[in-house]
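Here is the structure we will look at, set down as structure tokens.
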Amino acid sequence: MHPHFWGYTKNYPEHINAYMKSTLFKFLTINLFVAVSVAALGADYKSELNIPYCTVDGKTQTLSAFLPVGASNPVPAIVEIHGGWFYGGDAASQPEGVGGWQVFMRHGIAIFSIRYRLNTEGGFPENIRDCRNAIRFIRKNAQRFNIDPNRIDVTGGSAGGHLSLMVAMVPEDFDDGGPTPGLEGISAKVSGSFSYIPPTDFIRFWNEGPSDVVTNSAGQVSFRGPDDKIPNDARPHFRVLFHGVVPDSAAHEALYTEMCPIGQVRKDVPPLLICDGEKDPIVPGLEGKELYEKLKAAGANPTYWMTSNGGHAFPGGQGFDKVLDDFVVQTLNP
């Protein structure tokens with residue numbers, strides 16, 4: 001578990017917030033370890049924060065860049081998309097806030113972390129569009145950042161895991177609104193995606209969630225908001241994220257499926273490293289494994305990891321570091 005992943009615990013159920021409070025000493029110890037580890041890596045990085053990458057509906061989206069200093073040749077890049085149920089969270093303000101940063105910095109990879117539209121301003125496909133436009137902006141400015149535009153990966157956990165998979169899997173002409181002014185004609189393609197604890201099947205997620213219908217004494221029906229005390233309370237979120245559309249017809253089910261990785265399965269997707277937590281209470285039921293198996297059946301070649309006894313957190317366990325390192329070498333050739 002890395003610090004940034006839990007940097008927005010207010011967006012998670014109370015039992016998770018309580019857990020984090022009860023392990024404050026461990027959390028502080030992790031932060032101390034992070035600071036020591038950066039020094040041990042001997043990495044020399046510079047930070048550029050709040051870089052505008054696109055303006056849409058009158059609002060400018062920004063990203064952070066953490067760039068190796070003194071690289072003689074263009075370096076590969078990895079772009080982090082933060083989690084937070086598509087409602088909250090924020091871009092990392094330092095490289096240590098990006099899951100896997102130790103591996104990325106050890107290889108001298110440029111690290112980016114992006115913001116995107118959230119809650120009622122976001123939803124689908126708006127947030128997907130923002131993430132893909134961030135890739136376009138980074139590629140357009142490859143010389144400025146001293147990166148190789150042909151070696152860009154994407155990563156993220158939870159909601160960011162979903163979005164990192166969508167960025168990697170959707171075709172170039174995916175109907176999300178397209179490039180914003182100044183980014184026309186620039187590809188949003190990436191070399192690979194490292195996603196962890198991602199929701200991958202929105203129909204399944206909806207069906208596994210409890211009802212959010214409220215009926216008063218007069219028989220009038222309304223819908224409650226998200227309740228942090230209810231595990232896997234997906235339905236109130238989806239009503240907002242899909243702008244009131246629910247999967248109550250074939251056409252609406254098709255929309256939900258199109259907006260998640262399970263609806264983008266095909267053979268010619270880039271390399272994907274998909275990671276589940278065995279006992280994840282937020283995205284239960286190994287949704288990543290379901291996606292992995294469908295990709296294998298389609299002839300793709302994804303990589304899968306399940307953290308034994310793991311929850312809704314960054315992957316771990318014996319052997320994972322090598323799996324991530326191998327994936328980075330495979331996709332980015334640092």
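Only one residue in Pro199, Pro210 is touching a residue at least 40 places away in the same chain (Cβ under 8 Å) and farther than 29 Å from Gly108 by Cα, so which one is that?
Checking each option against the conditions leaves just Pro199.
Could you check the range 223-241 and list, in sequence order, the residues that are under 15 Å from Asn207 (Cβ atoms) and hydrophobic (A, V, I, L, M, F, W, C)?
Hits for the range 223-241 are Ala234, Phe238.
Check the range 234-250 and report whether any residue there is farther than 26 Å from Asp176 by Cβ and touching a residue at least 12 places away in the same chain (Cβ under 8 Å).
No, every residue in the range 234-250 fails to be farther than 26 Å from Asp176 by Cβ and touching a residue at least 12 places away in the same chain (Cβ under 8 Å).
Quick check on my filter: what residues within the range 123-141 are of a type in the set (S, T, N, Q) and either over 14 Å from the mean Cα position of the chain (by Cα) or open to solvent by 10 Å² or more (accessible area, probe 1.4 Å) (or both)?
Pass one, the range 123-141, residues of a type in the set (S, T, N, Q): 127, 133, 141.
Correct list: Asn133, Asn141.
Going by the structure shown, is Gly177 on the phi > 0 side of the Ramachandran plot and of a type outside the set (D, E, K, R)?
yes
Just the residues that are among the polar types (S, T, N, Q) and either over 30 Å from Asp280 (Cα atoms) or in a loop (DSSP other than H, G, I, E, B) (or both), please, taken from the range 145-174. Show your work before the answer.
If we filter the range 145-174 for residues that are among the polar types (S, T, N, Q), which is where we start, we get 146, 150, 155, 158, 164.
Answer for the range 145-174, where residues must be among the polar types (S, T, N, Q) and either over 30 Å from Asp280 (Cα atoms) or in a loop (DSSP other than H, G, I, E, B) (or both): Asn146, Asn150, Ser158.
If a residue has to be closer than 13 Å to Trp85 by Cβ and not small (Gly, Ala, Ser) to count, how many in the range 218-229 make the cut?
3
Met306 versus (1) assigned to a loop (DSSP other than H, G, I, E, B); (2) touching a Leu at 6+ places or on another chain (Cβ under 9 Å); (3) at pLDDT 95 or above; (4) not small (Gly, Ala, Ser): which is the lone unmet condition?
Exception for Met306: condition (1).
With open to solvent by less than 50 Å² (accessible area, probe 1.4 Å), touching an Asp or Glu at 6+ places or on another chain (Cβ under 9 Å) and either over 24 Å from Glu172 (Cβ atoms) or of a type in the set (S, T, N, Q) (or both) as the only criterion, which of Asp325, Asp276 stands out? Reasoning before the result, please.
Numbers: Asp325 fails: touching an Asp or Glu at 6+ places or on another chain (Cβ under 9 Å).
Answer to the selection: Asp276.
For the structure I just gave you, tell me whether Tyr304 is touching a Pro at 6+ places or on another chain (Cβ under 7 Å) and either of a type in the set (Phe, Trp, Tyr) or free of Cβ contacts under 8 Å to residues at least 12 places away in the same chain (or both).
Criteria not met by Tyr304.
So which of Phe238, Phe194 ends up being assigned to a strand (DSSP E or B) and either at pLDDT 95 or above or closer than 29 Å to Val323 by Cα (or both)?
After applying the criteria, what remains is Phe194.
Go through (1) of a type in the set (Asp, Glu); (2) touching a residue at least 40 places away in the same chain (Cβ under 8 Å); (3) part of a loop (DSSP other than H, G, I, E, B) for Asp130 and report which single condition fails.
(3)
The values are calculated or read from the model by the stated rules, or taken from the named source; none is laboratory data. Model, not experiment: these values are computed from the prediction. Note that we place each Cβ from the backbone using ideal geometry, even for glycine, and neighbour counts take in every protein chain shown. Accessible surface areas use protein heavy atoms only, side chains included; no ligands, DNA or RNA. Shrake-Rupley method; radii C 1.70, N 1.55, O 1.52, S 1.80 Å.
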